[in-house]
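First the structure, in the form of structure tokens, and then the observations on it.
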Amino acid sequence: MAIETFQRQEIKFLLNEVQYQALTEQLEQYMNPDPYCVGGKDYGIYNIYYDTPDDYLIRTSLAKPYYKEKIRLRSYMSPAKPEDLVFLEIKKNGGIVNKRRITLTLKEAEAYLQRGIHPVDNGKYVRRLVLEELDHFCDRYAPLVPKQYISYQRAAFFGKDDPNFRLTFDRQLTQRRTNLNLSSGDFGSLLIPETSHLMEVKIGGAMPIWLAQQLAALRIYKISFSKYGTAYRLYCTAEQQTKEKRNVSYV
């Protein structure tokens, strides 16, 4: 089972269709497409975010502390079957994004998250360390329950000179607060307009000069954006509107 660790900065930008087309036309000179973007196509990413029953993790994150963390279950296929491989990830952000993830079957991941059943130990030391970190996280925030589904279609590129430099473009950001599992398929409401693209610049150091120049020329500006945070705000707004309607009906 593969284990991956990441440490990097993540800078986000929201592009309209015109900006997206203009920028991607320049990428061929500097970047290679992700091997999963076959024939220029993007690929799907499907996530379940776990949180406490009172949404402590996302509420804390939205308060913009210096340090924040989250846990999610990710699949690259939908609907996912019990024996399909998924990633269980912890993401921590203290200025630099650190991500730890382990590959499990969907059945193993759900057994671990829902009933605390450990997957079979394959003897690999690093894998054991990741599981220990997951144990500490789950114990600290127990009980953790599925709270948010978010999916999107992604186009990804890697720097020709620096493979650690990565650009991703996400579209069709979809969210729901019901049917919170990866086996139910992909459906829900949009988080951003259908013609918008959320770009993330993932770097270990400084942004390349050519990219900074392109962003300035196209008037593409940095934003603060959290997929889970945006979905949670929409949920809170809808709940508040429902409560107000109930109160009006009682008058």
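The values are calculated or read from the model by the stated rules, or taken from the named source; none is laboratory data. In this text, all values refer to a predicted model and were calculated from it rather than measured experimentally. Because the Cβ atoms are built from the backbone with ideal geometry, glycine has one as well, and the counts that use them run over all protein chains shown. We work out accessible area using only protein heavy atoms, side chains counted, and drop any ligands, DNA or RNA first. Shrake-Rupley method; radii C 1.70, N 1.55, O 1.52, S 1.80 Å.
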Open item on the list: Counting heavy atoms of the protein chains only and a 1.4 Å probe, report the per residue accessible area for the chain as a whole number of Å².
Closed with: 54
Open item on the list: Run lengths n ≥ 4 of DSSP H only: what is the helix-derived mean residue ellipticity at 222 nm for the chain, with -39500 (n - 2.57) per run over all residues, to the nearest 500?
Closed with: -9500 deg cm²/dmol
Task: Cα gyration tensor category, rounded, prolate or oblate, for region 69-140 with a/c compared to 1.5 - done: oblate
TODO: Report the residue, chosen from Val126, Val86, Val145, that carries the largest GNM mean-square fluctuation when the chain is represented by alpha-carbon nodes joined by springs under 10 Å.
DONE: Val126
Task: Spatial extent of region 168-221: Rg and Dmax, with the Cα atoms as the point set, Å - done: 16.0, 44
Task: Two-decimal Rg to Rh for region 119-181 - Kirkwood Rh, Cα set - done: 1.12
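What does the charge add up to near Phe137, with Lys and Arg as +1, Asp and Glu as -1, over the other residues with Cβ less than 14 Å from its Cβ?
Details: positive: Lys68, Lys70, Arg72, Lys91, Lys92, Lys99, Arg100, Arg101, Arg140; negative: Asp51, Glu69, Glu89, Glu132, Glu133, Asp135, Asp139.
With Lys, Arg at +1 and Asp, Glu at -1, the neighbours total +2.
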- [ ] Could you give me the radius of gyration and the Dmax of region 103-251, taking only the C-alpha atoms into account and expressing both in angstrom?
- [x] 20.5, 66
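Once you charge only the Cβ atoms, +1 for Lys and Arg and -1 for Asp and Glu, what is the size of the charge dipole of the chain about its Cα centre, to the nearest 20 debye? Can you show the working numbers first?
Details: 36 positive and 29 negative charges, 118 e Å.
That gives the chain a dipole magnitude of about 560 debye.
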Task: Per-q log10 I(q)/I(0), region 102-154, q = 0.19, 0.22, 0.32 Å⁻¹ (Debye; single scatterer per alpha-carbon; no solvent) - done: -0.76, -0.94, -1.35
Open item on the list: Using amide H atoms built in the peptide plane, which far-off residues or other-chain residues are under 5 Å from Ser183 H to H?
Closed with: Ala80
- [ ] Express the carbon and sulfur contribution to the solvent-accessible surface of the chain as a percent, rounded to the nearest whole number, probe 1.4 angstrom.
- [x] 53
Open item on the list: Need one number for region 1-136: average projected area of the convex hull over its C-alpha atoms, nm².
Closed with: 10.9
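Using a Förster distance of 45 Å, how high is the FRET efficiency between Arg246 and Tyr66, based on the Cβ-Cβ distance and rounded to 0.05?
Details: r = 38 Å, r/R0 = 0.85.
My answer for the efficiency is 0.70.
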Task: Proximal lysines to Lys12, defined as alpha-carbon separation beneath 25 angstrom and excluding residues fewer than eight positions away on the same chain - done: Lys41, Lys64, Lys68, Lys70, Lys91, Lys92, Lys99, Lys147, Lys160, Lys202, Lys222, Lys227
Open item on the list: Below 8 Å between Cα atoms, with a sequence gap of 6+, how large is the relative contact order for region 1-155 in percent?
Closed with: 32
- [ ] Consider all pairwise Cα distances in the chain and report the whole-number % of them above 25 Å.
- [x] 48
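Could you give the Stokes-Einstein D for region 183-251 in µm² per second, using the C-alpha Kirkwood radius, 37 °C, 0.692 mPa s? Mind dumping the intermediate values first?
Details: Rh = 16.1 Å.
Approximately 203 µm²/s, per Stokes-Einstein.
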